[in-house]
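As structure tokens, the structure follows; a few thoughts come after it.
Derivation of every value follows stated rules applied to the coordinates shown; laboratory data play no part. The structure displayed is predicted, hence computed values, not measured ones. Note that each Cβ is placed from the backbone with ideal geometry, even for glycine, and that neighbours are counted across all protein chains shown.
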Amino acid sequence: MKQIDTLAIVGLGLMGASLGLAVRARGLARHVVGSARREETRTEALQRGIVDAVHATALEAVRDADLVVFCLPVLSIPESVQGCRAALRKGCVVTDVGSTKAELAQAIVPLLSDTGACFVGSHPIAGSEQTGLAAARADLYANAVVVMTPPDGRSAAGSAAVRALWEGVGSTVVVMTPEAHDRMLARTSHLPHLAAAALVRTALAGDPGAAGFCGSGFRDTTRVAGSSEDIWHDIVKTNHAALETELAAFASEITQLRQLIADGKFDAVRRWLAEARRMRDKVTDGQG
């Protein structure tokens, strides 16, 4: 890919800091500039070589940037774009790593309409239940799928720049509409997170002693429930309609299983479990 002159990363948590490490390790940009509110984060970002320079505000970080990546909770991104839009140069490409896309596109595209900058949403399906710069690693995006959501198919040059960034850090790019992305991720990402949180609440509610009997199966099944509630609040709020549909389907599945058990149809329960195992094996290639 053509080397980016200046890449700005707004937000140096797990996603933003990992992107900085990956870009610098692969030499994808001449200059990587970041922004973070906390002084400790800015100091550590420089010490770890995540960025070449770091600022306290997005407004300072995005000046003269060719490509800006907003790595913030979903509901914080439009406000941050609004705050630094005057500093975005003509031709600048703006993207993000948010887990929902339709509401972001609706908010950000109008904000940039008279700036000469363009917005192309993206969502790397990568991450961890861990948060913060301390958890950042250069290989976070290697072999990940990144969904790119150009609004209304516009800005071919912007789309090419965003695709080149993610392919440059080792990801595979898939193009979808923002609405199709949100429907799909409600099923494959957002529902599993809420199901894990519901399992924790069900298993541990009202019995302090239950925690002593939680083995590796419980920890594996509920790992994602350890993620930040602030991030997931924004995801649920901006994708609630699609999530309602998936939660209803999940509730129906649980009701079906409960009825099989209540009716004593344990051969049917065995078939239900076997079908689930086969479906999962198609995703994991039997790797567990």
* Once you have all Cα-Cα distances for region 1-93, histogram them in 10 Å bins from zero and send the whole-percent values. => 18, 55, 26, 1
* To do: Please report how far the C-alpha centroid of region 18-50 lies from that of region 152-195, rounded to the nearest whole angstrom.
  => 23 Å
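Sort LYS265, LYS101 so that the residue with the fewest other Cβ atoms within 10 Å of its own Cβ comes first and the one with the most comes last.
Numbers: LYS265 13, LYS101 27.
The order, fewest Cβ neighbours first, is LYS265, LYS101.
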* Excluding SER76 itself, calculate the net charge of residues whose Cβ lies under 14 Å from the Cβ of SER76, where each Lys or Arg counts +1 and each Asp or Glu counts -1. => -3
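When DSSP beta bridges are limited to those with both residues in region 46-195, what percentage is antiparallel, rounded to the nearest 5?
Values: 5 of 15 bridges.
Percentage antiparallel, nearest 5: 35.
Hey, can you list the DSSP H helices of the chain whose Cα span along the axis is 15 Å or longer and whose average Kyte-Doolittle score is at least 1.0?
Details: long enough: 14-26 (18 Å, 0.95); 156-168 (18 Å, 0.50); 191-204 (20 Å, 1.31); 240-262 (32 Å, 0.45); 266-284 (27 Å, -0.85).
Qualifying helices: 191-204.
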* Asked: Where in region 1-36 is the amide nitrogen less than 13 Å from a point lying 7 Å along the Cα-to-Cβ axis of ALA56?
  -> 36
* Asked: Just one of [x] 21.1; [y] 20.5; [z] 20.0 is Kirkwood radius over Cα pairs in Å as worked out from the coordinates here. Which one is it?
  -> [y]
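Based on the Cα atoms of region 62-147, what semi-axes does the equivalent ellipsoid have, where each is the square root of 5 times one gyration tensor eigenvalue, given in whole Å with the largest first?
Values: eigenvalues 114, 38, 30 Å².
Equivalent-ellipsoid dimensions as semi-axes: 24, 14, 12 Å.
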* Asked: Quick one: Cα convex hull volume of region 180-284, Å³ per residue?
  -> 141 Å³
* To do: Among ALA198, MET176, ALA86, flag the residue with its Cα farthest along the positive direction of the charge dipole of the chain, charges on Cβ as +1 for Lys/Arg and -1 for Asp/Glu.
  => MET176
* CD proxy at 222 nm, helix term only [per DSSP H run n ≥ 4: -39500 (n - 2.57); per residue of the chain; nearest 500] -> -14500 deg cm²/dmol
* Asked: Once Lys and Arg get +1 and Asp and Glu get -1 on their Cβ, which of ALA142, VAL68, VAL97 lies farthest toward the positive end of the dipole of the chain?
  -> ALA142
* Structure fact -> Toy charge model, Lys and Arg Cβ at +1, Asp and Glu Cβ at -1: region 191-288 dipole around Cα centroid in debye, rounded to 20, equals 360 debye
* Asked: Could the peptides 106-114, 63-71, 42-50 be put in order, highest first, of the mean number of other beta-carbon atoms found within 10 Å of their residues?
  -> 63-71, 42-50, 106-114
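Evaluate the charge dipole of the chain about its Cα centre and quote only its size in Debye, nearest 20, assuming +1 on the Cβ of each Lys and Arg and -1 on the Cβ of each Asp and Glu. Please list the in-between numbers first.
Numbers: 30 positive and 31 negative charges, 107 e Å.
Computed about the Cα centre, the dipole is about 520 debye.
Of the lysine pairs in the chain, how many meet both conditions: Cα atoms under 28 Å apart, and a spacing of 8 or more in sequence or different chains?
6
Length gain on complete extension for the stretch MET184 to GLN47, per 0.36 nm per residue less the alpha carbon to alpha carbon distance? Walk me through the intermediate numbers first.
Details: separation 137, 0.36 × 137 = 49.32 nm, distance 3.87 nm.
Length gained between MET184 and GLN47: 45.5 nm.
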